[in-house]
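To start, the structure under review is shown below, and the notes come after it.
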Amino acid sequence: MTEDELPVGVHEEHINEPVVEKLAKGEPLFDSIVGYADVKKLFQMSLSSDKPVHILLVGPPASAKTLFMLECMKLERSYFTLGSHSTKSGMIDYLFEKRPRYLLVDEIEHMPMKDQTALLSLMEAGIVSETKFQKTRNTQLKTWVFATSNGADRMLTPLLSRFVVLHFKQYSFGSFQEVCTHILGSEGVPSDVAAAIAEAVWTKLRSKDIRDCIKIGRLAKTKEDVDWITQTLKSYKQ
């Protein structure tokens with residue numbers, strides 16, 4: 001019997017393998033994230049648990065939530081999706097076909113409530129079930145669900161109850177600059193250019209999104225480039 005043919009009640013043969021060594025690229029997990037040592041430890045404890053412990057990171061934009069999701073993409077058999085692009089039928093089809101070990105959902109609050117129900121049984125009992133055209137299919141998975149949300153008011157209460165919920169605060173400028181310099185440094189951007197990017201994004205573009213720093217960092221070679229790119233982006237900003 002193949003892995004995709006496992007019926008409900010039968011787990012995969014290797015479900016008890018240690019998780020933390022299963023990095024797809026062999027890279028250390030969470031090393032690119034500055035601070036949050038306690039959150040990193042909580043993730044590692046979840047990953048090492050015999051049974052899935054699901055984690056939801058709630059907070060405003062620019063609070064490192066997505067960085068944790070991007071780091072978890074290094075894990076083998078991980079699947080990253082945006083809540084706004086996730087439908088119940090699409091999610092169920094993917095779960096049956098790919099059998100992911102880690103389901104990563106960014107901005108899960110944008111997933112319509114009727115579609116959020118697709119995750120309830122998976123997170124509670126590891127069961128995925130669907131009835132379509134008078135045919136029912138069932139399977140059982142051992143899947144960790146890690147998600148982010150800007151707020152919890154648009155999420156089903158039963159879904160929230162299945163998560164360990166951590167509320168993040170927005171970066172201060174000092175933390176923002178430190179994170180930006182650290183991430184861009186890993187991409188080969190000089191520290192002075194990275195610091196200029198952080199300041200330009202924060203003060204001129206009035207953005208607190210680290211992803212904006214990364215975009216500029218991949219374009220700019222000098223601080224003069226940073227000034228020109230920032231001014232151009234401001235000119236075309238709504």
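Since every read-out is calculated from the coordinates, none of them should be taken as a lab result. It should be emphasised that the depicted structure is a prediction, and the values quoted were computed from it without experimental measurement. Virtual Cβ from ideal backbone geometry, glycine too; neighbours counted across all protein chains shown.
Using only alpha carbon pairs under 8 Å that are at least six residues apart, calculate the relative contact order of segment 173-235 and give it in whole percent. Across segment 173-235, relative contact order equals 34 percent.
Lys and Arg at +1, Asp and Glu at -1: add these up for the other residues within a Cβ distance under 13 Å of Leu160 and post the number. So the surrounding residues net to -1. Under the convention that each Lys and Arg Cβ holds +1 and each Asp and Glu Cβ holds -1, the size of the dipole of the chain around its Cα centre is about 600 debye.
Computed from the Kirkwood radius of its Cα pairs, the Stokes-Einstein diffusion coefficient for segment 173-235 at 20 °C and 1.002 mPa s stands at 195 µm²/s. Taking the longest Cα principal axis of the chain as reference, the axis of helix 88-98 is set at about 80 degrees. At q = 0.07, 0.13 Å⁻¹ the log10 of I(q)/I(0) for the chain amounts to -0.28, -0.84, computed by Debye summation with a single uniform scatterer per C-alpha, solvent ignored. Charge dipole of segment 59-117 (Cα centre as origin; +1 on each Lys and Arg Cβ, -1 on each Asp and Glu Cβ, all else neutral): 180 debye, rounded to the nearest 20.
Shown is the FRET efficiency for Met113 and Phe133, computed with R0 = 22 Å from the Cβ-Cβ distance and rounded to the nearest 0.05: 0.35.
Computed from the C-beta positions of Lys237 and Thr87 and an R0 of 35 Å, the FRET efficiency is 0.65 to the nearest 0.05. Mind scanning Lys98/Lys135; Lys65/Lys142; Lys65/Lys223; Lys114/Lys204; Lys41/Lys132 and naming the pairs with a C-alpha gap bigger than 31 Å? Result: Lys114/Lys204; Lys41/Lys132 exceed 31 Å. State the percent of C-alpha pairs, over all pairs in segment 64-114, separated by a distance greater than 15 angstrom. When every Cα pair of segment 64-114 is considered, 47 percent fall beyond 15 Å. According to the calculation over all Cα-Cα pairs in segment 90-153, the P(r) per 10 Å bin from zero is 19, 55, 23, 3 %.
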